[in-house]
1. In segment 132-155, which residue that is open to solvent by 60 Å² or more (accessible area, probe 1.4 Å) and assigned to a loop (DSSP other than H, G, I, E, B) is farthest from V79 (Cα to Cα)?
2. Assess whether I158 counts as being crowded, with 17+ Cβ neighbours inside 10 Å, of a type outside the set (F, W, Y), modelled with pLDDT of 90 or more and closer than 15 Å to K101 by Cβ.
3. Got a sec? Which of I88, I111 is in a loop (DSSP other than H, G, I, E, B), open to solvent by less than 50 Å² (accessible area, probe 1.4 Å), under 22 Å from E150 (Cβ atoms) and out of contact with any Cys (no Cβ under 8 Å at 6 or more places or on another chain)?
4. Identify, by number, the condition in (1) free of Cβ contacts under 8 Å to residues at least 12 places away in the same chain; (2) surrounded by 12 or more Cβ atoms within 10 Å (Cβ to Cβ) that N83 doesn't meet.
5. Out of the residues in segment 29-38 that are outside any loop (DSSP other than H, G, I, E, B) and open to solvent by 40 Å² or more (accessible area, probe 1.4 Å), which is modelled with the lowest pLDDT?
6. Where the second residue is surrounded by 10 or more Cβ atoms within 10 Å (Cβ to Cβ) and the first is part of a helix (DSSP H, G or I) and lies in segment 16-28, which pairs have Cβ atoms under 6 Å and are six or more apart or on separate chains?
7. Answer yes or no as to whether M31 is closer than 24 Å to G174 by Cβ, of a type outside the set (V, I, T) and touching a residue at least 40 places away in the same chain (Cβ under 8 Å).
8. Taking segment 91-101 as the region of interest, how many residues are surrounded by fewer than 17 Cβ atoms within 10 Å (Cβ to Cβ) and not in a loop (DSSP other than H, G, I, E, B)?
Amino acid sequence: TAPYNADFDGDEMNLHVPQSLPARAEAELMMLSPRVIVSGQSNRPVMGIIQDTLLACQKMTKRSTFIEKDLTFNMLMWVGQWNGKIPIPAIIKPKELWTGKQLLSTILPKINLKSKSNNGPPNDSSGKSMPNTFNMYDHIVTIQEGELLEGRICKKIIGSGMGGLIHTSWLDAGHEDTARFM
């Protein structure tokens, strides 16, 4: 609803049926959802990851999230562009375990992003963030060539803000890859 500036309070839309083939093609291209992820008016995303998917991204990118072999294979089978290669497990013994970051990396577009999420260290009395030598809050998000190397995904990173994952993906990888990822 965001690209059409609509909500659920009784809004209505008018339907116009283009009569010629060029008019139909133009309307289809202009109204295609992946093409309106980023607004032409403000050059910022009007769509983002919210609710259940946002919560899943947050939980999967926690440091303590490990996924067993059967669930890993089940998730990989649902990835449309999966090349058939299984990532090397993060833990091999006593049983093979993959991290949520590894599995999220299988669906990320081939982009580079470095940003800070909202779950960083608290600010001191002067408003400056406290030093964080070991990144214990996991708030620095680094994606290189579509691989999530560090950080925990939050709404600031994957939401509809400028410079986030959706915006960077739309600018660098294109509207089709961004729509596939979403």
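1. Checking each candidate, the answer is T133.
2. It is true that I158 is crowded, with 17+ Cβ neighbours inside 10 Å, of a type outside the set (F, W, Y), modelled with pLDDT of 90 or more and closer than 15 Å to K101 by Cβ.
3. I111
4. (2)
5. Looking at the filtered set, the residue picked out is M31.
6. Pairs found: R24/P18; A27/P18.
7. The answer is no for M31.
8. Residues meeting the conditions: 1.
The values are calculated or read from the model by the stated rules, or taken from the named source; none is laboratory data. On a predicted model such as this, the values are computed, not experimentally measured, just so you know. All Cβ positions, glycine included, derive from the backbone under ideal geometry; neighbour counts span all protein chains shown. Side chains are part of the model used for accessible areas, which takes the heavy atoms of the whole protein and leaves out ligands, DNA and RNA. Shrake-Rupley method; radii C 1.70, N 1.55, O 1.52, S 1.80 Å.
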